[in-house]
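This report concerns only the one structure given below.
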Ligand code: DSN
């Protein structure tokens with residue numbers, strides 16, 4: 001097994017770098033060769049491997065370079081027109097542009113583009129809607145939820161009374177009768193829907209009906225499916241959710257960051273206050289600039305075509321894996337990801353072994369617990385696979401069969417070093433035909 005780590009001397013710059021990235025790297029090499037080598041190593045890793053982590057993507061060169069602008073040099077606490085520092089004229093304009101584009105994308109009346117990440121957007125949503133000690137009803141992380149939805153060591157599990165709903169053990173899908181039963185019993189102040197490892201369409205209206213019945217707010221965390229929602233490929237959480245939060249870097253294909261949305265003007269005011277000064281200081285204006293650019297890309301017609309292909313690719317990859325003997329939780333996928341139960345293919349195979357072997361072979365995935373997984377979270381019996389990044393590189397249905405063949409070949413080999421090394425070479429060659437966006 002090749003376990004060598006990257007060294008400064010072996011970094012080849014991918015030949016598909018966009019011209020500006022090439023110039024930036026050349027400048028870095030002059031100025032700070034040590035840092036430049038590390039960054040070139042990462043560029044090379046991304047260029048020569050297949051990215052199947054469902055929450056990752058490759059941004060366009062325009063979005064990538066928009067992160068590195070003069071906007072990074074400024075403090076701009078507050079909001080457009082109401083800042084604590086002078087010199088914010090252009091910062092007001094770029095934040096307004098990002099806010100307006102976010103509202104157009106998601107069809108809502110309010111957007112706060114300042115959250116540094118999805119978890120920060122959720123902190124602001126909790127603070128706006130409920131108070132410490134209140135009851136929150138959510139899906140636990142072990143069943144596909146998110147740590148900021150109530151995990152004990154997280155702010156959410158520390159300051160709020162978390163009650164869990166779970167997936168139906170037979171269908172591994174949301175069971176709205178059971179969610180309603182638990183809600184009637186625990187009378188939550190907030191219900192959370194939106195997940196990190198759930199491959200089915202979310203019925204936001206059904207969640208809202210339960211929330212209304214028990215007098216709870218509904219928070220939809222659409223971090224994973226935001227791009228699908230923006231493109232109309234997944235139903236929208238509006239008008240059902242009181243607050244919608246998301247990251248901007250997954251299917252939405254923007255810079256790393258968060259976003260909070262609402263259609264309720266009173267809740268909107270609270271969200272603004274809870275983002276700043278409630279939970280954050282100075283906004284990352286350079287990232288907000290890149291969010292504006294990414295939202296502009298997502299408003300173009302090609303974005304819908306991309307998201308449709310993401311979903312078709314996921315369905316094709318899922319079908320190919322089932323044919324090879326893997327089991328998919330819930331029986332399949334309707335979005336960009338799938339949760340693969342490895343046990344029917346090989347009872348001894350763990351998610352962590354599969355992740356390691358696949359990484360040696362140039363396929364990047366994450367181990368993931370499956371519902372009621374008997375193995376601990378650092379081992380797991382499953383993998384979560386997603387198609388957003390592969391689709392950005394131009395892979396379509398035919399290539400999904402090739403990817404499934406490589407996945408199965410590596411996992412069936414028991415991590416055989418020669419197999420991993422051969423597949424890695426094949427993938428590096430294959431990747432030349434599907435360069436990163438440039
Ligand atoms: N880490 C993200 C994911 O992979 O889904 C969630 O925050």
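The values are calculated or read from the model by the stated rules, or taken from the named source; none is laboratory data. Everything quoted here is computed from the prediction, not taken from an experiment. Don't worry about glycine lacking a Cβ; one is built from the backbone with ideal geometry, like all the others, and counts go over all protein chains shown.
Identify, please: which residue in region 211-229 is more than 14 Å from the ligand (Cβ to nearest atom) and in contact (Cβ under 8 Å) with a residue 60 or more places away in the chain and is, among those, farthest from residue 182 (Cα to Cα)? Per the stated criteria, the residue is 228.
Residues of region 234-247 that are more than 21 Å from residue 266 (Cβ to Cβ), more than 15 Å from the ligand (Cβ to nearest atom) and buried (at least 22 other Cβ atoms within 10 Å of the Cβ): 234 alone. With respect to residue 53, is the statement that it is within 16 Å of the ligand (Cβ to nearest atom), touching a strand residue (DSSP E or B) at 6+ places or on another chain (Cβ under 7 Å) and at pLDDT 95 or above true? Here the answer is yes, as residue 53 does meet what is asked.
Residues that are buried (at least 20 other Cβ atoms within 10 Å of the Cβ) and more than 28 Å from residue 188 (Cβ to Cβ) were ranked within region 103-116; the one that is farthest from the ligand (Cβ to nearest atom) is 105.
Summed over region 374-404, the residues that are more than 16 Å from residue 336 (Cα to Cα), buried (at least 21 other Cβ atoms within 10 Å of the Cβ) and within 16 Å of the ligand (Cβ to nearest atom) give a count of 2. If you go through region 393-433 and keep only what is in contact with a strand residue (DSSP E or B) (Cβ under 9 Å, 6 or more places away or on another chain) and either farther than 15 Å from residue 362 by Cβ or in a loop (DSSP other than H, G, I, E, B) (or both), you end up with 393, 395.
Can you tell which of 185, 172 is more than 16 Å from the ligand (Cβ to nearest atom) and out of contact with any helix residue (DSSP H, G or I) (no Cβ under 9 Å at 6 or more places or on another chain)?
The conditions single out 185.
For residue 260, are the conditions met, namely being in contact with a helix residue (DSSP H, G or I) (Cβ under 7 Å, 6 or more places away or on another chain), part of a strand (DSSP E or B), modelled with pLDDT of 95 or more and within 29 Å of residue 393 (Cα to Cα)? Yes.
Of note, residue 82 does not satisfy the criterion of being in contact (Cβ under 8 Å) with a residue 24 or more places away in the chain and either more than 16 Å from the ligand (Cβ to nearest atom) or surrounded by 16 or more Cβ atoms within 10 Å (Cβ to Cβ) (or both).
Going through (1) surrounded by 22 or more Cβ atoms within 10 Å (Cβ to Cβ); (2) within 16 Å of the ligand (Cβ to nearest atom) one by one, residue 256 falls short only on (1). Residue 119 satisfies every condition listed in (1) within 16 Å of the ligand (Cβ to nearest atom); (2) closer than 24 Å to residue 262 by Cα; (3) buried (at least 24 other Cβ atoms within 10 Å of the Cβ) except (3).
Of the residues screened, residue 178 is not one that is closer than 23 Å to residue 338 by Cα and either without any contact (Cβ under 8 Å) to a residue 12 or more places away in the chain or more than 22 Å from the chain's Cα centre (by Cα) (or both).
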